[in-house]
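The values are calculated or read from the model by the stated rules, or taken from the named source; none is laboratory data. Please read these numbers as outputs of a predicted model, since none were measured by experiment. Here the Cβ positions follow ideal geometry from the backbone for every residue, glycine too, while neighbour counts run over all protein chains shown.
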Amino acid sequence: MSKLLIDVGSTYFKVCQQSGINQYFRDFNKDIFDDLLNKCGDIFSNYAKEDIYICSSANGGLSTLIIGLTNSFSLKFAKNIAFNSGINIIDTILYHKIDEAKAPGELIDVVILVGGIDGIANVFDEKLFHFLRNVHYNNIVYVGTKQDAMFLSENIQELKVLGNIITEKLHVNGGELKEYLTNLYQADIVGKEDIKHLYAITANQIYSTPYIVNRSLPLIDANFDVVNPFIVVDIGGATTDIHYSRDLVRDNIVSESGFDRLVFKKLGVYKSRETLIFAAKNNEFVYELLAYLNVTENILEEESEKALRILMQLSIFLVLYKVSRLHPLYVTLHLEQLKTVVLTGGITKVLSYEEAESIMQFFYKKVLGLHAIPNIVMDYEYAIWTLGMQNDTASRS
Amino acid sequence: MKVVTGVVGNDIHVVANRLIDISLQARGFEVFNLGVNTSLEEFIDAVVETDADILLISSLNGEAEGWCRDLQFLRSEYNLREDVIFVIGGNLAVGEANQDDIIPKYRSYGFDLVFHQVDLNTGLDELERYVKERA
Ligand code: B12
């Protein structure tokens, strides 16, 4: 019996059967379950609960605030692990500047505390407790030097203590923290009322879509015309994700999977359209870019099909810009070594190959000063996520 | 004693770095080797994370000056322990240069010991003497 794969996005449902993939625009007046049943109820009746697999990116994910001792080790390692667990980083705070730091206004799902190799003590003090009094959070986890764990546990309620993410040789050891964050994320998805109902139609665990996509990456080159190193840019309604080969980064992190992921929470083309436009208007290349695309700034205020295509081109540009050497705040990818860009998500239903190519040409020429661009692969069927799910079904059966 | 070491800036000369790592360990130091291509901020961050006693920077390609000028600034920025010992050695200028010019210059950047084109063992002997005197 074949499987039915379902991806619940913030804008679309995608349903994959042997016969192909269909997309359904979501009705935001209905809850997810009713909407899905309404649109695809007939299909479900053909499958047993055991053969239906669901992943979801509809809930936007968890948020974290990271407090660490230094940029090069504590914060860098924790950021990397959080990104790879699918968590959105709201802010990072360098511990020696905590006095001047502002507590985030929003509720934080998990605060991560880190600093020092095992063997050193008294890294943290009263300043930390003072700061935490102004932070609203649901969970707090400590992954720094063993010697401070007791002191922190005595002073911070419900502090979860895990193994140090900084090894005695100053390398990263992400295992325990990654597992903890992934479980939190998973629990969050399962706990969402909307998602809970979906267990009425599946007997399998519901995963987050970014987790599934990350798991698909090692399988991509067998299924697409992709050459390493590559990046996958997933431009969705609310967020834009970029998954990249570790070969494109030079830093002191050794990761087990070979792939990393960055989430740009506010660069989606529907739900976060306003912030996308804001980011675009503040980019130094935007006017040149609009001129290159033969449009004026007014297009950003329009609601037309044409405006949507321009927005999508802008979001490709902005994502690449943010991971380029011009923007050192995020990771810097060596884009000049990039061989393939895979575009996936809602974008492939709207943009043509030529439109994607033209924006890549602009980026490579203007920002990197290069004439050749990487090979572009359009995942028109939005099939990438199905690889990670099929992998799951294969390993179980 | 804990020592953080590595090669500063865009410098990829790795041979001396390996020798330094081995020699320091043989002399009983606990070594944190950041390898080649290390920025000054990474060095200071490593001293903070390990609570190291000594930072020993090496530079071979002649570009150390540009990378090390901000030492005092970073040092105060992080409220580092007062007694951390800062050492630099290798080829500290481009081409021919006079010891009498180089040593005061690097001292003014905040280095306690400066070894321009000094053999490794001679330098490390002096470091150990310096550590003993300070104790
Ligand atoms: C091998 C080599 C290379 C190899 C490096 C391979 C590698 N990954 O290690 C390659 C070909 C890549 C290379 C490239 C370059 N190199 Co080169 N290279 C050398 C060479 C021939 C030997 C270096 C070596 O390994 N020696 C063996 C080790 C054990 O000795 P050492 O490095 O001198 O270290 C000793 C001491 O300096 C001391 N020491 C070092 N650090 C410290 C620290 C302390 C605290 C103490 C006490 C002592 C100490 O201890 C060591 C043992 O005694 C030297 C010339 C030479 N004969 O020294 C040039 C030399 C270092 N290179 C030089 C230059 C200019 C370059 C390039 C800029 C050339 C170019 N134009 O592209 C590039 C720079 C690349 C970069 N980004 O860093 C110059 C530097 C000139 C200067 N400072 O004024 C040198 C001196 C050649 C010269 N005479 O012009 N190089």
Q. So residue A:87 clears everything in (1) away from chain B (no Cβ under 14 Å); (2) modelled with pLDDT of 90 or more; (3) surrounded by 17 or more Cβ atoms within 10 Å (Cβ to Cβ) except one condition, right? Which one?
A. (2)
Q. Quick one: residue B:28 ticks every box in (1) away from the ligand (no atom under 14 Å from the Cβ); (2) modelled with pLDDT of 95 or more; (3) within 14 Å of chain A (Cβ to nearest Cβ) bar one, so which box is it?
A. (3)
(Q) Going through A:80, A:71 one at a time, which residue ends up being modelled with pLDDT under 90, outside the structural domain of residue A:203 (by TED's automatic domain parsing) and under 25 Å from residue A:241 (Cβ atoms)? (A) A:80
(Q) For segment B:48-61, which positions are surrounded by fewer than 22 Cβ atoms within 10 Å (Cβ to Cβ), within 14 Å of the chain's Cα centre (by Cα) and within 13 Å of another protein chain (Cβ to nearest Cβ)? (A) B:53
Q: Sort out which residues of segment A:147-173 are within 16 Å of residue B:48 (Cα to Cα) and either at pLDDT 95 or above or out of contact with any helix residue (DSSP H, G or I) (no Cβ under 8 Å at 6 or more places or on another chain) (or both), and write them in order of number.
A: A:147, A:148, A:164, A:165, A:166, A:167, A:168, A:169, A:171
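Look through segment B:49-72, keep the residues that are closer than 22 Å to residue B:12 by Cβ and acidic (Asp, Glu), and return whichever of them is farthest from the ligand (Cβ to nearest atom). Step through it out loud before you land on a result.
Applying the first criterion (closer than 22 Å to residue B:12 by Cβ) to segment B:49-72 yields B:55-71.
In the following step, the residues that additionally are acidic (Asp, Glu) were identified as B:63, B:65, B:70.
Details: B:63: 8, B:65: 11, B:70: 19 Å.
Within segment B:49-72, the match that is farthest from the ligand (Cβ to nearest atom) is B:70.
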(Q) Could you list, ordered by first residue, the pairs with Cβ atoms under 6 Å in which the first is in segment A:273-295 and more than 15 Å from residue A:308 (Cβ to Cβ) and the second is at pLDDT below 85, at least 6 apart or interchain? (A) A:275/A:266; A:286/A:280
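Looking only at segment B:76-135, how many residues end up being within 14 Å of chain A (Cβ to nearest Cβ) and modelled with pLDDT of 90 or more?
The total comes to 1.
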Q. Before we move on, is residue B:38 within 13 Å of the ligand (Cβ to nearest atom), within 12 Å of chain A (Cβ to nearest Cβ) and within 24 Å of residue A:68 (Cβ to Cβ)?
A. yes
Q. Residues B:45, B:83: which one is buried (at least 22 other Cβ atoms within 10 Å of the Cβ), within 21 Å of residue A:121 (Cα to Cα) and away from the ligand (no atom under 16 Å from the Cβ)?
A. B:45
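The rows are residues; the columns are (1) of a type in the set (Val, Ile, Thr); (2) touching an Asp or Glu at 6+ places or on another chain (Cβ under 6 Å); (3) surrounded by fewer than 16 Cβ atoms within 10 Å (Cβ to Cβ); (4) within 14 Å of chain B (Cβ to nearest Cβ).
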position	(1), (2), (3), (4)
A:78	no, no, no, yes
A:115	no, no, no, yes
A:123	yes, yes, no, yes
A:133	no, no, yes, no
A:142	no, no, no, no
Q: Go through segment B:91-123 and count every residue that is of a type in the set (Gly, Ala, Ser), surrounded by fewer than 19 Cβ atoms within 10 Å (Cβ to Cβ) and closer than 18 Å to residue B:24 by Cβ.
A: 0
Q. With respect to the numbered conditions (1) touching a helix residue (DSSP H, G or I) at 6+ places or on another chain (Cβ under 8 Å); (2) over 23 Å from residue B:49 (Cβ atoms), which one is the sole condition not fulfilled by residue A:138?
A. (1)
Q) Pick from B:87, B:36: which is under 13 Å from the mean Cα position of the chain (by Cα), within 19 Å of residue B:18 (Cβ to Cβ) and in a loop (DSSP other than H, G, I, E, B)? A) B:36
